[in-house]
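A.B. asks: Below you'll find the structure I mean.
The values are calculated or read from the model by the stated rules, or taken from the named source; none is laboratory data. Note that the structure is a prediction, hence the values are computed from the model and not measured. Because the Cβ atoms are built from the backbone with ideal geometry, glycine has one as well, and the counts that use them run over all protein chains shown. SASA here: full protein model, heavy atoms, side chains in, ligands and nucleic acids out. Shrake-Rupley method; radii C 1.70, N 1.55, O 1.52, S 1.80 Å.
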Amino acid sequence: MEKITINDTFIKLGQAMKLAGLVDSGLDAKIEIQEGNVKVNGEVSLQRGKKLYDGDTFSFHGKEVAVTSNVR
């Protein structure tokens with residue numbers, strides 16, 4: 001499982017996908033999310049702006065990514 005570290009309390013799903021290198025642009029993320037190709041914590045998410053917090057995971061095309069935060 002990959003990990004991304006954020007310097008805030010949350011990150012939006014589309015931004016997290018870009019940060020993890022799973023998509024090239026916000027538009028690509030939007031399309032993949034709207035088509036139901038992304039899962040957050042094991043459930044399909046259709047919200048590009050879904051907030052991900054420390055400990056959340058998301059997956060896309062077999063790659064799973066965990067979100068960790070530097071903010072405590």
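A.B. asks: Return one whole number: the accessible area per residue of the chain in Å², for a 1.4 Å probe.
C.D. replies: 62
A.B. asks: Which residue, Leu27, Leu52, Leu19, tops the fluctuation ranking in a GNM of the chain built on C-alpha contacts under 10 Å?
C.D. replies: Its mean-square fluctuation being the largest, the pick is Leu27.
A.B. asks: Place +1 on the Cβ of every Lys and Arg and -1 on the Cβ of every Asp and Glu in the chain, take the dipole about the Cα centre, and give the residue among Val71, Asn41, Met1 whose Cα lies farthest towards its positive end.
C.D. replies: Most positive-ward Cα: Val71.
A.B. asks: With only Lys, Arg, Asp and Glu charged, each at its Cβ (+1 for the first two, -1 for the last two), find how big the charge dipole of the chain is about the Cα centre; round to the nearest 20 debye.
C.D. replies: 180
A.B. asks: Ignoring any ligand, DNA or RNA, what whole percent of the accessible area of the chain comes from carbon and sulfur when the probe is 1.4 angstrom?
C.D. replies: Carbon and sulfur: 43 percent of the exposed surface of the chain.
A.B. asks: Classify the range 1-66: rounded, prolate or oblate, from the alpha-carbon gyration tensor (a ≥ b ≥ c, eigenvalue square roots; a/c under 1.5 rounded; otherwise prolate if a/b is larger than b/c)?
C.D. replies: rounded
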